[in-house]
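*Asks:* I am attaching a structure below and will ask some questions about it afterwards.
The values are calculated or read from the model by the stated rules, or taken from the named source; none is laboratory data. Bear in mind the structure is a predicted one, so any value in this text is a computation, not a measurement. Please note: Cβ atoms are built from the backbone with ideal geometry, for glycine as well, and neighbour counts cover all protein chains shown. Remember, those area values only see protein heavy atoms, side chains included, never the ligands or the DNA or RNA. Shrake-Rupley method; radii C 1.70, N 1.55, O 1.52, S 1.80 Å.
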Amino acid sequence: MSQTLFIDGRWEAAKSGAVREIRCPADGALVGVVSEGGRDDTERAIQAARRAFDDGPWPRTPAPERGDLLLRVAAALRERSEEFARAESLDTGKRIVESRIDMSDIANCFDYYGKLAGLEAGRLVDAGDASVVSRIAYEPVGVCGLISPWNYPLLQAAWKVAPALAAGNTFVLKPSELTPHTAMLLMEVLTDVGVPAGVANLVLGPGPEAGAPLSESPDVDLVSFTGGLHTGRVIAAAAASTVKKVALELGGKNPNVVFADAEFDAALDNALNAAFVHSGQVCSAGARLVVEESIHDVFVDELVRRAKGIRMGGPFDDSADTGPLISAAHRDKVTEYVRRGVEEGAILRCGGTWGEGDLADGFYYAPTVLDGVRSGMSVVVDEGFGPVVTVETFTTEDEAVRIGNDTRYGLAAGVWTQDAGKAQRVAQRLRHGTVWINDFHPYLPQAEWGGFGESGIGRELGPTGLAEYQEAKHIYQNIKPQVTGWFPDREG
């Protein structure tokens, strides 16, 4: 029986005995067999985290010591980087070079919060009265339910686990049931560096069974979710019944705005990166190319030529430029997304096909360019989450901003121009949580990440990412107490 749930410091099998086969999306090869947890397993994990928070040492461990532990986690991740990267690539099908970059970013995230943990000592408030000491103290929220996605399994988990631990919380991590292996390896590292039993717990399984109790349970104080909009709404509704804190990162429909005066080669190269890195399975993918009309023909013709040359292949194929989609079901969704766009009038310039020949056993979908799209089309409105880029045009700066903001999401955007003033004006007017100027995709652990509108609630990373896992408490001390005299001392 597979013992791959980690609850209260012990590896366990699911109570039901159910298991799931994990297969590589690149070729269908068996990666491993893991426990398929359910509600009972998640409830046990929640109770372990509850006891560890209420009665255990971790929340009362001095913040600098918690920070030192996170630095040890970062060091251990670097030591085992290749092992982690290989596990990530086997689960997701992404190229090993991409997974190696992810592992470096993950270690940097633990480093950042390890250093930040001991710096925040609260703040004094001037009460305007010498007899009063008033201060704001920051305390851990409590038990945190952390639900992470399949596209960047350990990176997205690290964005939650690192600040949760830095703040002194306990947690239950529920990764995607499709990509569990690096979360399991992380539990090994946390145990090795000395995280007390019950502080870090891992449950595996599908969201409706293994994940749902994290948003429903009154013993969970915060739920943080990264994933799709529909599931985010379900989680927010369930969490409302206990009025717990909620943090949601729900994707985006991100415009990449290219003005005619942009540096052509850089803008073109980054338009490819924006749309097709990790086969477009990126919440911040530049899936909407918004290009100035005067350069549309030459820019898009060259984009199509370059997209046709992108090579698909497995994670360890050195000649490959991008990998497969995560599953057959997801490939079917992307296929339908493109079909619907063409039916509505989009022009299929390239792609729209599955992998053939040596790629037939994997879930490959060719890089796809849909030209001539218009506001309101489903491919403009809906997040496709695949290697598909749509093309819209504009003629004025105001029109570029209007098109860029024509979305219910608001996660990220790019602006390409050599006019510094124009770049700043447009960046300030775009209603997106991250705006890149003459770049696309980089992020910093010290800079907040999150979106406007239906891209979610709250922020990850940066100081605000730590504050999400803290409660602010006002402590007001009168050091010279006196009788107020408000109510006279008289006989009743």
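*Asks:* Quick check on region 307-324: of everything there that is surrounded by fewer than 17 Cβ atoms within 10 Å (Cβ to Cβ) and of a type outside the set (Asp, Glu), which residue is nearest to Gly93 (Cα to Cα)?
*Replies:* Phe316
*Asks:* Condition first: more than 17 Å from Val435 (Cβ to Cβ), among the hydrophobic types (A, V, I, L, M, F, W, C) and either assigned to a loop (DSSP other than H, G, I, E, B) or open to solvent by 60 Å² or more (accessible area, probe 1.4 Å) (or both). Now tell me which residues in region 450-484 satisfy that.
*Replies:* Ile457, Ala472, Ile479, Val483
*Asks:* Quick one: what pairs do we get from region 400-412, first residue under 13 Å from Gly433 (Cα atoms) and among the small types (Gly, Ala, Ser), second open to solvent by 10 Å² or more (accessible area, probe 1.4 Å) and not in a loop (DSSP other than H, G, I, E, B), C-beta under 7 Å, 6+ apart or different chains?
*Replies:* That search, which allows pairs on different chains as well, returns Gly410/Gly453; Ala412/Thr434.
*Asks:* What number goes with the only condition from (1) of a type outside the set (Phe, Trp, Tyr); (2) in contact (Cβ under 8 Å) with a residue 24 or more places away in the chain; (3) farther than 23 Å from Ile457 by Cβ that Ser284 does not pass?
*Replies:* The number of the failed condition is (3).
*Asks:* Please enumerate the residues belonging to region 111-154 that are open to solvent by less than 20 Å² (accessible area, probe 1.4 Å) and of a type in the set (Ser, Thr, Tyr).
*Replies:* Those that are open to solvent by less than 20 Å² (accessible area, probe 1.4 Å) and of a type in the set (Ser, Thr, Tyr): Tyr113, Ser134, Ser148.
*Asks:* So which residues in region 184-219 are part of a loop (DSSP other than H, G, I, E, B), more than 22 Å from Ala167 (Cα to Cα) and not hydrophobic (A, V, I, L, M, F, W, C), if there are any at all?
*Replies:* Those that are part of a loop (DSSP other than H, G, I, E, B), more than 22 Å from Ala167 (Cα to Cα) and not hydrophobic (A, V, I, L, M, F, W, C): Gly205, Pro206.
*Asks:* Can you name every residue in region 259-281 that is among the aliphatic types (A, V, I, L, M), open to solvent by 10 Å² or more (accessible area, probe 1.4 Å) and either touching a strand residue (DSSP E or B) at 6+ places or on another chain (Cβ under 6 Å) or over 16 Å from Tyr365 (Cα atoms) (or both)? Spell out the reasoning first.
*Replies:* So in region 259-281, the residues among the aliphatic types (A, V, I, L, M) come out as 260, 262, 266-268, 271-272, 274-275, 277.
So of that shortlist, the ones also open to solvent by 10 Å² or more (accessible area, probe 1.4 Å) come out as 260, 262, 266, 272, 277.
Scanning region 259-281 gives Ala260, Ala262, Ala266.
*Asks:* If I filter region 341-358 for residues that are over 20 Å from Lys253 (Cβ atoms), touching a helix residue (DSSP H, G or I) at 6+ places or on another chain (Cβ under 6 Å) and either free of Cβ contacts under 8 Å to residues at least 24 places away in the same chain or open to solvent by less than 70 Å² (accessible area, probe 1.4 Å) (or both), do I get at least one hit? Lay out the reasoning, then the answer.
*Replies:* Initial filter on region 341-358 (over 20 Å from Lys253 (Cβ atoms)): 350, 353-358.
Then drop every residue that is not touching a helix residue (DSSP H, G or I) at 6+ places or on another chain (Cβ under 6 Å), which leaves 350.
Next, only the ones that are either free of Cβ contacts under 8 Å to residues at least 24 places away in the same chain or open to solvent by less than 70 Å² (accessible area, probe 1.4 Å) (or both) stay: 350.
Yes, that holds for at least one residue.
*Asks:* Turning to a different aspect of this structure: Only one of these is farther than 21 Å from Trp436 by Cα and either among the small types (Gly, Ala, Ser) or touching a Cys at 6+ places or on another chain (Cβ under 7 Å) (or both): Ala271, Ala237, Ala285, Ala260. Name it.
*Replies:* Details: Ala271 fails: farther than 21 Å from Trp436 by Cα; Ala285 fails: farther than 21 Å from Trp436 by Cα; Ala260 fails: farther than 21 Å from Trp436 by Cα.
Checking each option against the conditions leaves just Ala237.
*Asks:* Then there's this: Is one or more of the residues making up region 367-381 assigned to a helix (DSSP H, G or I) and free of Cβ contacts under 8 Å to residues at least 12 places away in the same chain?
*Replies:* no
*Asks:* Something else now. Would you check if Val243 is of a type outside the set (S, T, N, Q) and either surrounded by 23 or more Cβ atoms within 10 Å (Cβ to Cβ) or part of a strand (DSSP E or B) (or both)?
*Replies:* Working: of a type outside the set (S, T, N, Q): yes; either surrounded by 23 or more Cβ atoms within 10 Å (Cβ to Cβ) or part of a strand (DSSP E or B) (or both): no.
Against the criterion (of a type outside the set (S, T, N, Q) and either surrounded by 23 or more Cβ atoms within 10 Å (Cβ to Cβ) or part of a strand (DSSP E or B) (or both)), Val243 does not qualify.
*Asks:* Which of the residues belonging to region 288-300 are out of contact with any Pro (no Cβ under 9 Å at 6 or more places or on another chain) and farther than 14 Å from Thr396 by Cβ? Walk me through how you get there before you give the answer.
*Replies:* Step one: of region 288-300, the residues out of contact with any Pro (no Cβ under 9 Å at 6 or more places or on another chain) are 291-300.
Result: Ile295, His296, Asp297, Val298, Phe299, Val300.
*Asks:* Return yes when Phe110 is touching a Ser or Thr at 6+ places or on another chain (Cβ under 9 Å) and part of a helix (DSSP H, G or I) and no when it is not.
*Replies:* Values: touching a Ser or Thr at 6+ places or on another chain (Cβ under 9 Å): no; part of a helix (DSSP H, G or I): yes.
Judged against the criteria, Phe110 is not a match.
*Asks:* Can you work out which of the residues in region 207-226 that are open to solvent by 20 Å² or more (accessible area, probe 1.4 Å) and farther than 10 Å from Arg39 by Cβ is modelled with the lowest pLDDT?
*Replies:* Ranking the candidates gives Gly207 first.
*Asks:* Examine region 155-174 for a residue that is among the hydroxyl-bearing types (Ser, Thr, Tyr), open to solvent by 10 Å² or more (accessible area, probe 1.4 Å) and touching a residue at least 60 places away in the same chain (Cβ under 8 Å), and state whether such a residue exists.
*Replies:* Pass one, region 155-174, residues among the hydroxyl-bearing types (Ser, Thr, Tyr): 170.
If we keep only those that are open to solvent by 10 Å² or more (accessible area, probe 1.4 Å) as well, we get none.
No, region 155-174 has no match at all.
The rows are residues; the columns are (1) open to solvent by 20 Å² or more (accessible area, probe 1.4 Å); (2) on the phi < 0 side of the Ramachandran plot.
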residue: Gly376; (1), (2): yes, no
residue: Val380; (1), (2): no, yes
residue: Gly384; (1), (2): no, yes
residue: Ala400; (1), (2): no, yes
residue: Asn405; (1), (2): yes, yes
residue: Gln428; (1), (2): yes, yes
residue: His432; (1), (2): no, yes
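*Asks:* Could you check Lys94 against (1) out of contact with any strand residue (DSSP E or B) (no Cβ under 7 Å at 6 or more places or on another chain); (2) open to solvent by 10 Å² or more (accessible area, probe 1.4 Å); (3) not in a helix (DSSP H, G or I) and say which number it fails?
*Replies:* (2)
*Asks:* Within region 1-69, considering only strands (runs of 3 or more DSSP E) that don't extend past its boundaries, which have at least 1 residues that are over 21 Å from Thr191 (Cβ atoms)?
*Replies:* On the way: elements: 5-7, 10-12, 19-23, 30-35.
Where strands (runs of 3 or more DSSP E) fall fully within region 1-69 and carry at least 1 residues being over 21 Å from Thr191 (Cβ atoms), they are 19-23, 30-35.
*Asks:* Among the residues of region 122-137, is there at least one that is under 20 Å from Trp11 (Cβ atoms), among the charged types (D, E, K, R) and in a loop (DSSP other than H, G, I, E, B)?
*Replies:* Let us first name the residues in region 122-137 that are under 20 Å from Trp11 (Cβ atoms), namely none.
Checked against the condition, which is being under 20 Å from Trp11 (Cβ atoms), among the charged types (D, E, K, R) and in a loop (DSSP other than H, G, I, E, B), region 122-137 yields no hits at all.
*Asks:* Ok, one more. Here's a check for you: in region 411-426, which residue that is over 26 Å from Ile101 (Cβ atoms) and part of a loop (DSSP other than H, G, I, E, B) is most open to solvent (accessible area, probe 1.4 Å)? Can you show your working first?
*Replies:* Restricting attention to region 411-426, the residues satisfying the condition of being over 26 Å from Ile101 (Cβ atoms) are 417-426.
From what's left, part of a loop (DSSP other than H, G, I, E, B): 417-419.
Details: Thr417: 3, Gln418: 133, Asp419: 61 Å².
It comes out as Gln418.
*Asks:* For Val389, indicate whether it is at pLDDT 95 or above and surrounded by 24 or more Cβ atoms within 10 Å (Cβ to Cβ).
*Replies:* Working: at pLDDT 95 or above: yes; surrounded by 24 or more Cβ atoms within 10 Å (Cβ to Cβ): yes.
The answer is yes for Val389.
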